[in-house]
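Following: one structure in structure tokens, then a few remarks.
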Amino acid sequence: MNLDLNIIEIGIIAGGLILGLIVGFILAGSRLNRSANKEKQNLIKEAEVKAEALKQEKILQAKEKFLQLKAEHDKAVHEKNNHISQTENRLKQKDNELSKKIEEFNRKDKELENQKQLVAQQIDLYKHRNEEVEKLHRRQVEMLEKVSGLKADDAKAQLVESVKGEAKTQAMAYIKDIMDEAKLTANKEAKKIIIQSIQRVATETAIENSVTVFHIEGDEMKGRIIGREGRNIRALEAATGVEIIVDDTPDAITLSCFDSIRREIARLALHQLVGDGRIHPARIEEVVEKTKKMIEEEIIEIGKRTCIDLGIHGLHPELIRYVGRMKYRSSYGQNLLQHSREVANLCAIMASEMGLNAQIAKRAGLLHDIGKVPDDSPELPHAILGMKLAEKYKEKPEVCNAIGAHHDEIEMTTLYSPIIQVCDAISGARPGARREIAEQYMKRLKDLEALALSYDGVEKTYAIQAGRELRVIVTSEKVSDAKAEELAFNISQKIQTEMTYPGQVKVTVIRETRATSYAK
């Protein structure tokens, strides 16, 4: 019984506990539901706030985009309107110009029409006057026929016969005058024919070539000439403008330069330096300057001796100097002085045979190539330049014309001119290369040096290696190291654009700074 009661109590307690748990769960669930509903409402409110804010932001962005698009549209419309306005203005302007042209055309058309009417009136007037003249002419002919008793055709025949007789008389007199003049000028015409014949059969002579080779004793002297790091040979090349080639050739040094005077100065200076034994840059410059003065004196002496040998007197001192310089020039490979002496003698002989003044012919023959000598020659043919020099130093007109016309640069006005041309052809004819090639070669070398001298700060220029290299010596006070590079580039570009040459031309700008002081 007690056991049953305990079981019942236990069951009641257990049931109570279960009922309590159920009631607890229900109460807890009710609280959770209220909490979830409250959180849900909070989330909904927050979402609505965010949605409203996003909506306002999108509305603002849409308004900004609309305003931007509207501004762009307004700008495009404004530009289009401006373009249309400009087009309309241009069209109006062209329309006005066209209207003016039409008015001008109408005015000219009216003027032309008026002129046509005036011309037509003048033509009618001319026809009327012509008819009146014809009538008057017929009346005069009829009156003349009545007075003379001859018909017009008979009178014409008599007039023609009379004119024929008079014409024959005048023609005979004219023919007689021509014959007399031909007799007087026959000797002169015959001389011209002889000269032209000689010119066509002028014979050729051999070409003269010369190469300057300086002989030395032993290879030790080569080293002294070269100097430490080549300073002596550089100083000698800079002072003379001559390229000095020191190679493996025993006991010889080659001097290369297109200018014979420079080459002779370099040879004599080198000879004096080797004989003296003192070879350094300062001594080299001193010897070169002395050699230049000696060569200048020798040139004057050669000119005087040449004039004495040929019997030419009264030549201007400057022309004597030019004659002396001919020794150091070449006429297409032949020594120019020897060529000019030969031409002078040929001209004297030919002029004597033809009864002309041999002294004038000899003088013109000696001076005919004087235009090849000046170093600072302008852009003129050597014949014209020589003629201008002769005129400058008061030579006779016959001599000046012979010099200027010996290559047909000007018209020949005397008989001495073709004589000079013939003798020049006899003495200067060349087998092999054409003479124009040598002349263009010399001119190109001189043009190279003149082109570089045109720049500011350039002291000396030398074209060496047959024009394949141009050495430019500049003043250190005017040209810096940086400007020297710029100058070399500018000169090379100017050569490339303004000159024609085979291969390439190397431009070397040399700048040297020296400090000199004297102890007293």
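The values are calculated or read from the model by the stated rules, or taken from the named source; none is laboratory data. All figures in this text were calculated on a predicted structure; none of them were measured in a lab. So basically every Cβ, Gly included, is an ideal-geometry build from the backbone, and we count neighbours across all protein chains shown. Just so you know, the surface numbers come from the protein's heavy atoms only, side chains and all, with ligands and any DNA or RNA stripped out. Shrake-Rupley method; radii C 1.70, N 1.55, O 1.52, S 1.80 Å.
Checking the structure you have, find out if any residue of the stretch 318-337 is over 37 Å from the mean Cα position of the chain (by Cα) and not aromatic (Phe, Trp, Tyr). The answer is no, given that none of the residues of the stretch 318-337 is over 37 Å from the mean Cα position of the chain (by Cα) and not aromatic (Phe, Trp, Tyr). Among residues of the stretch 216-245 that are within 15 Å of Arg267 (Cα to Cα), those with a Cβ under 9 angstrom from a residue that is aromatic (Phe, Trp, Tyr) and surrounded by fewer than 20 Cβ atoms within 10 Å (Cβ to Cβ), sequence gap 6+ or separate chain, pair up as Ile244/Phe214.
Annotation: Ile312 fulfils all but one of (1) open to solvent by less than 20 Å² (accessible area, probe 1.4 Å); (2) closer than 19 Å to Ser427 by Cβ; (3) assigned to a helix (DSSP H, G or I); the unmet one is (3).
If you go through the stretch 270-296 and keep only what is under 38 Å from the mean Cα position of the chain (by Cα) and either hydroxyl-bearing (Ser, Thr, Tyr) or exposed (fewer than 13 other Cβ atoms within 10 Å of the Cβ) (or both), you end up with Thr291, Lys293. Looking at the stretch 247-254, can you tell me whether even one residue there is part of a strand (DSSP E or B) and of a type in the set (A, V, I, L, M, F, W, C)? Yes, the stretch 247-254 contains a residue that is part of a strand (DSSP E or B) and of a type in the set (A, V, I, L, M, F, W, C).
Scanning the stretch 407-431 for residues that are under 11 Å from Cys347 (Cβ atoms) and modelled with pLDDT under 80 gives Ile426, Ser427. The set of residues in the stretch 470-520 that are closer than 29 Å to Tyr441 by Cβ and charged (D, E, K, R) comprises Arg471, Lys494, Glu498, Lys506. The condition of being among the hydrophobic types (A, V, I, L, M, F, W, C) and either at pLDDT 75 or above or surrounded by 10 or more Cβ atoms within 10 Å (Cβ to Cβ) (or both) holds for Leu17. Tell me, which residue of the stretch 212-238 that is at pLDDT below 80 and among the acidic types (Asp, Glu) is nearest to Arg283 (Cα to Cα)? By that ranking, first place goes to Glu229.
Residues are listed down the side, and each one gets a yes or a no for (1) modelled with pLDDT under 85; (2) open to solvent by 100 Å² or more (accessible area, probe 1.4 Å); (3) of a type outside the set (Val, Ile, Thr):
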site	(1), (2), (3)
Phe25	yes, yes, yes
Arg34	yes, yes, yes
Asn37	yes, no, yes
Asn42	yes, no, yes
Gln68	no, no, yes
Ala76	no, no, yes
Lys92	no, yes, yes
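Of all residues assigned to the stretch 329-346, none qualifies as being farther than 26 Å from Lys443 by Cα, at pLDDT 85 or above and either open to solvent by less than 10 Å² (accessible area, probe 1.4 Å) or charged (D, E, K, R) (or both). Here Ile419 meets each of (1) surrounded by fewer than 18 Cβ atoms within 10 Å (Cβ to Cβ); (2) outside any loop (DSSP other than H, G, I, E, B); (3) hydrophobic (A, V, I, L, M, F, W, C) with one exception, condition (1).
Quick check: is even one residue across the stretch 276-294 touching a strand residue (DSSP E or B) at 6+ places or on another chain (Cβ under 8 Å) and modelled with pLDDT under 85? No, because not a single residue in the stretch 276-294 is touching a strand residue (DSSP E or B) at 6+ places or on another chain (Cβ under 8 Å) and modelled with pLDDT under 85.
Could you say whether any residue in the stretch 367-379 is surrounded by 17 or more Cβ atoms within 10 Å (Cβ to Cβ) and more than 26 Å from Lys446 (Cα to Cα)? No, the conditions are met nowhere in the stretch 367-379.
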